[in-house]
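Notes follow the structure.
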Amino acid sequence: KSLTTDATFSKAFNSAGKNVEANVYLNYQSLPFYVRRILKSTLPNSKELTADFASWTELDVLLKDNGLTFNGFTHTNDTLNQYLNLFLDQKPREIEFPEQLPANTSSFVFYGIEDLISFVADYRNMLSAKGTITQLEATIDSIGKTYEIDIEQNILGWIGKSYGLFITEPKSTAFAEQSYWMFETHSDQLASKLLGDLGTAIAQKKGQEMVESEFNGVKIKQLQLDNIVVQLLGDGY
């Protein structure tokens, strides 16, 4: 059976540049096999995350004096519940995120969305189609009852139209200790209030005080609720 019978691959193949040094194709269904060989076992969902992200990526490779550049397209299958489809109804955003990154950034990923509410709604619909929405609803309900808060409002209510994850050059092998989220906000004051209220509510229910510190004049508060962004926005986070 020829690979060209795969309609999505054909789209990727037809989008390839002609006057380039090389074309690279990534099959997201097969990629997890190779990803597991190079990523740590601490990423248990890497197979599902990668396979469900999209179908094919085509990259045009150009050689430079001091490096390589890759430019191309990623294609999804409309009949499958692939994560990248969530961005189809979102308007593109100007990428200003790198301007805020520290100089020792080793890698980053940027997301731009026009409407977070519709994005989250589409994500819920995707989970429903996969039959996994029950787990998210149970988590939100449990957090709400335990801490007497609206977790979605406190986490999502202040997020603006862009956000991203970046990793600085690790001083050890623990990348998690050098990983940071960066969010655009609708309002700095709103973000501070909602996150502050959330942190205080969680700490009080645990019989603790919210951990606060300061570094270079910047106040730092600890939100003692692990993986909440993952729960609300997906395994990609």
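Computed about its Cα centre, the charge dipole of segment 196-237 is approximately 80 debye, with only Lys, Arg, Asp and Glu carrying charge at their Cβ. Dividing the summed -39500 (n - 2.57) terms of all DSSP H runs of n ≥ 4 by the residue count of the chain sets its mean residue ellipticity at 222 nm at -10000 deg cm²/dmol. Axis angle, to the nearest 10 degrees, between helix 133-147 and the longest C-alpha principal axis of the chain: 20 degrees. Its Cα centre serving as origin, the chain has a Cβ charge dipole (Lys and Arg +1, Asp and Glu -1) of approximately 660 debye. Helix 116-130 and the longest principal axis of the Cα set of the chain meet at an angle near 70°. Among the listed values [x] 1, 5, 10, 14, 17, 18, 14, 9, 6, 3, 2, 1, 0; [y] 1, 6, 13, 16, 17, 14, 10, 7, 5, 4, 3, 2, 1, 1, 0, 0, 0; [z] 1, 6, 14, 18, 20, 17, 12, 6, 3, 1, 1, 0, 0, the one matching P(r) over Cα pairs in 5 Å bins from 0, in percent as calculated from this structure is [x].
Could you list, in their original order, any pairs among Lys145/Lys193; Lys1/Lys64; Lys64/Lys91; Lys91/Lys145; Lys1/Lys91; Lys64/Lys161 whose Cα atoms are separated by more than 26 Å? Too far apart for the 26 Å limit: Lys1/Lys64; Lys64/Lys91; Lys91/Lys145; Lys1/Lys91; Lys64/Lys161.
Accessible-area rank, largest first, for Val218, Val230: Val218, Val230, with all protein chains present and a 1.4 angstrom probe. Amide H contacts of Thr185: Gly160, each under 5 Å away and 5 or more positions distant or on a separate chain (H built 1.01 Å from N in the peptide plane; Pro and chain starts excluded).
Each of Asn14, Ile151, Ala103 was placed along the dipole of segment 1-155 (beta-carbon charges, centred on the mean Cα), and the one lying farthest toward the positive end is Asn14. Give the calculated FRET efficiency between Gln178 and Ile140 to the nearest 0.05, with a Förster radius of 22 Å applied to their Cβ-Cβ distance. Calculated transfer efficiency: 0.15. Taken one residue at a time, the phi angles of segment 204-218 give Karplus couplings (6.51, -1.76, 1.60, θ = phi - 60°) of 5, 5, 8, x, 10, 9, 5, 6, 10, 8, 9, 9, 6, x, 9 Hz. Gly and Pro are set to x. State whether segment 1-125 is rounded, prolate or oblate according to the following rule on the C-alpha gyration tensor (a ≥ b ≥ c being the square roots of its eigenvalues): a/c under 1.5 gives rounded; otherwise a/b larger than b/c gives prolate, and the remaining case gives oblate. Rounded is the answer for segment 1-125, as its axis ratio a/c remains below 1.5.
Tell me the GluC sites (Glu not before Pro) within segment 176-237 that lie in a loop according to DSSP and have at most 11 other beta-carbon atoms within 10 Å.
Glu209
Dipole check for segment 19-151: with +1 at the C-beta of Lys and Arg, -1 at the C-beta of Asp and Glu, and the Cα centre as origin, the magnitude is about 640 Debye.
Using a probe of 1.4 Å, the accessible surface attributed to Ile133 totals some 30 Å² when neighbouring protein chains are kept in position.
Counting only trypsin sites (Lys or Arg not before Pro) that DSSP places in a loop and that have at most 14 other Cβ atoms within 10 Å, the longest clean stretch of the chain runs over 41-170.
The values are calculated or read from the model by the stated rules, or taken from the named source; none is laboratory data. Note that the structure is a prediction, hence the values are computed from the model and not measured. Glycine gets a Cβ as well: all are built from the backbone with ideal geometry, and neighbour counts include every protein chain shown. For the accessible areas, the whole protein counts, side chains as well, though only heavy atoms, and no ligand, DNA or RNA atoms are used. Shrake-Rupley method; radii C 1.70, N 1.55, O 1.52, S 1.80 Å.
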